[in-house]
Amino acid sequence: MEQILELKDLKVQFPINIGTVRAIDGVSLKLEQGEVMGLVGESGCGKSTLGFSILRLLRPPGRIVSGEILYHGQDIVQMSEKEILSLRGNKIAMIFQDPLTSLNPLFRIDQQFIETLLTHEKGLEKKSAFTRAEKILESLGISPERLLEYPHQMSGGMRQRIMIGMGLILNPDLLIADEPTTSLDVIVEAQFLDLLNDLRRQYNLTIILITHNLGNVAQLADRITVMYGGTIAETGPAGAIFEDPLHPYSQGLLASIPNIKLDQPKLMTMPGSPPDLVNPPAGCVFHPRCPRAIDICKVERPGVIKQDGRLVSCWLYR
Amino acid sequence: MRNLTRYIITRVLLTIPMVLILLSILFVVLRLTPGDPVSAMLGGHAPERVIEQKKEELGLNRPMVIQYLDYLWQVCRLDLGESMVFKQRVTTAIAEKLPATIELTFFGLIITLFLGVFMGAYAADRRRQIQDSAIRLYGIVVYCIPVYWMGLMLQLTFGIWLDILPIAGRTGPRVFASTFEKTGFYILDTILVRDFSALGDVMIHLILPSFTLGLVLSGIFVRLTRANMLDVLRADYIIAAEARGIRHRKIVYKHALKNAFIPILTMMGLQVALLMAGAVLTETTFSWPGMGRLLLERIYLRDYPTIQGTIIVFALIVASVSLIVDIIYAIVDPRIRY
């Protein structure tokens, strides 16, 4: 399998009044062509920031302070503005949490499609751009006449399909989906995940699915990466992580999913709250909340440990 | 579309009570102010008999209520009456002066919008950088400057020191008035008779007054545009557009600016009243023969009918601009339906 994306010791920081937020603190990851990777973790763990970093879409004051993002071997961090513009939407597409606000309300759908197409394919005729937009809408199960409508005339699920259509119309090979179903209701959500699964085969897409919903990940992902406090807690094949999570944080995360088969009087929850990323705890970032913390956790950060083809960042497996 | 028509008709009908209320207030306030047309005309030392005779002539001796109802009836017949001071119909006086004011305020508004909107958008894009601070400072300073002072300073700089622009009037002395007989809008008139040297002269005379008006009002638009743009630039669809590889400048000045434009339009509708007030001052500073100066002159003379007529016309302009703004909303934003 060809490697499509590799992050090497990526660090992203947001300097603010009271200090520096270490939103991503040394993340290394590899992604193979055609793979769907679920990126999970609680709010503020850096998963969305990671998605934005890959396209260099961080809002100021956020910036990549060190590390590499290799896309087909080319470092995105070092690219010129022009080079990164030609990747965005063209080679790497991104869809967002809220489809209701991700489309510009004042432009018709076809105008937004055509603009995207003409941005990357200079000299393309408007008419053929329109035809291509019609085709992709049809393949997403939306009648092509709706191209002439405005975003507010469509439902949330439809708008999310349009967003993904706009993402895929230029045949990218990498799709970053940042909580794409969070604002959809469960039925539309299930339909959307099915669609994503189809599209993945059809376009041979590599997908980074950012979510805090483990159910989504279970349906779609080949591999799961669990993030905590700007670092990777654990990464491995989806099945293995669901069956036997290694990191105490992943264990806690899985245990806190309500299970209808178990007779639980009370839902398991993890004590404590996400770490303060301005002053992260010494040692392992998770140790203040970890039920199995040992002395060394408070002092030294665990490196990445290989265990059964999985990578985990925890002293328990040293 | 049918709804829009109905909306327009309702709005037009609503201006009728507005004008009536305005007229009543005006009528009372004008007669409460000390002085009257007769003493303004004849001075304080005229014999009692002459004053009485003149008052009788102008109908000022009749009971106030009768005068009021009489005037209202006149207005209902779309007649603004006759000046109490000159042998001149009020509508004629207004028709003579209105084009000058419209020309001035139109260009003033264009300058305001152009400067205000683009500077505001640019400042928002360069948030917290030196350009942003400079533009914000400009906005505040210009907003605080009184119109007449700005006018005087521009006259001093461009008219006296640099001596490149005329400081008064609508035309220079060499342009014959016969050119301006068709519409009263000098720009249109000169174009109609293809007298391009006269057109140039008219344009040169417009520069200082319209910049005075435009600069002062641009301050508020700078601040408003900047604030709205900052909101819009945070919106999801802006980052989504960036994620599709669209050029930053296009995103700012097309995607974002169009979205920030609705509140700017609202403000524009409201500012037209201020624009008219500014026009009164600008016209006085620049000896611009428009409605503002007409109003001011006739206030000194206590020429009741002309004052009332002029103010009604000002009010109608403000009302029609705000109606036009409402119609433009629906064109800019497809979500707005009437």
Indicate, rounded to the nearest 5 percent, the antiparallel portion of the DSSP beta bridges found entirely in chain A. 60 percent
If you take the square roots of the eigenvalues of the alpha-carbon gyration tensor of segment A:47-86 and sort them as a ≥ b ≥ c, do you get rounded (a/c under 1.5), prolate (a/b over b/c) or oblate? prolate
Name the residues whose placed amide hydrogens come within less than 5 Å of the amide hydrogen of residue A:228, ignoring near sequence neighbours (fewer than 5 apart) on the same chain. A:233
In the protein assembly as shown, if the dipole is taken from +1 on Lys/Arg beta carbons and -1 on Asp/Glu beta carbons about the Cα centre, which of A:202, B:21, A:36 is farthest to the positive end? B:21
How much FRET efficiency would the formula 1/(1 + (r/R0)^6) give for residue B:10 and residue B:129, where r is the Cβ-Cβ distance and R0 is 51 Å, rounded to 0.05? 0.60
At 25 °C and 0.890 mPa s, grab the translational diffusion coefficient of segment B:1-85 from Stokes-Einstein with a Kirkwood Rh over Cα pairs, rounded to a whole number in µm² per second. 159 µm²/s
Which GluC sites (Glu not before Pro) in segment B:83-184 pass both tests, a DSSP loop state and at most 12 other beta-carbon atoms within 10 Å? B:181
Extension gain residue B:204-residue B:338, at 0.36 nm per residue separation less the Cα-Cα distance, in nm? 44.0 nm
Cα-based Rg/(2.2 N^0.38 Å) for segment B:91-300, rounded to two decimals, is 1.18
Only Cα pairs under 8 Å and at least 6 apart count here; give the relative contact order of chain B as a rounded whole percent. 27 percent
Out-of-range pairs (alpha-carbon distance over 28 Å; input A:30/A:126; A:11/A:91; A:47/A:127): A:30/A:126; A:47/A:127
Over segment A:220-260, how many percent of alpha carbon pairs lie in each 5 Å bin up to the one with the longest distance? 6, 24, 32, 25, 11, 2, 0
If you place +1 on the Cβ of every Lys and Arg and -1 on the Cβ of every Asp and Glu, how big does the dipole about the Cα centre of the protein assembly as shown come out, in debye to the nearest 20? 560 debye
Proximal aspartates and glutamates to residue B:54, defined as alpha-carbon separation beneath 16 angstrom and excluding residues fewer than eight positions away on the same chain: B:36, B:82, B:303
Please report, to one decimal in angstroms, the Kirkwood hydrodynamic radius of the protein assembly as shown built from all distinct Cα-Cα pairs. 30.4 Å
So what does log10 I(q)/I(0) come out to for segment A:67-226 at q = 0.14, 0.16, 0.17, 0.18 Å⁻¹, using the Debye formula with one equal point on every Cα and no solvent? -0.73, -0.95, -1.07, -1.18
Per-residue mean of C-beta atoms belonging to partner chains within 10 Å, peptide A:144-155: 1
What value, in deg cm²/dmol to 500, does the helix sum -39500 (n - 2.57) over DSSP H runs of n ≥ 4 give at 222 nm once divided by the residues of chain A? -8500 deg cm²/dmol
Compute, for chain A, the length of the dipole vector about the Cα centre, with Cβ point charges of +1 (Lys, Arg) and -1 (Asp, Glu) only. Units Debye, rounded to 20. 500 debye
Expressed in angstrom and ordered largest first, the alpha-carbon extents of chain A along the principal axes are 67, 50, 42
Can you order the peptides B:55-66, B:253-264, A:76-87 by their average number of other Cβ atoms within 10 Å per residue, highest first? B:253-264, A:76-87, B:55-66
Per DSSP helix of 4 or more residues, -39500 (n - 2.57); summed, then divided by the residues of chain B. What does that give at 222 nm, rounded to the nearest 500? -24500 deg cm²/dmol
Within segment A:3-68, trypsin sites (Lys or Arg not before Pro) in DSSP loop having at most 11 other beta-carbon neighbours inside 10 Å: none
Counting DSSP beta bridges in the protein assembly as shown, what percent are antiparallel, to the nearest 5? 65 percent
Please compute the average number of Cβ atoms from other chains found within 10 Å of each residue's Cβ in peptide A:102-111. 5
Peptides ranked, highest mean first, by Cβ atoms within 10 Å: ranges B:278-284, A:283-289, B:197-203, B:76-82: B:278-284, A:283-289, B:197-203, B:76-82
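Coordinate-derived values only; no laboratory data. The structure displayed is predicted, hence computed values, not measured ones. Every residue, glycine as well, gets a Cβ built from its backbone with ideal geometry; the counts of neighbours run over all protein chains shown.
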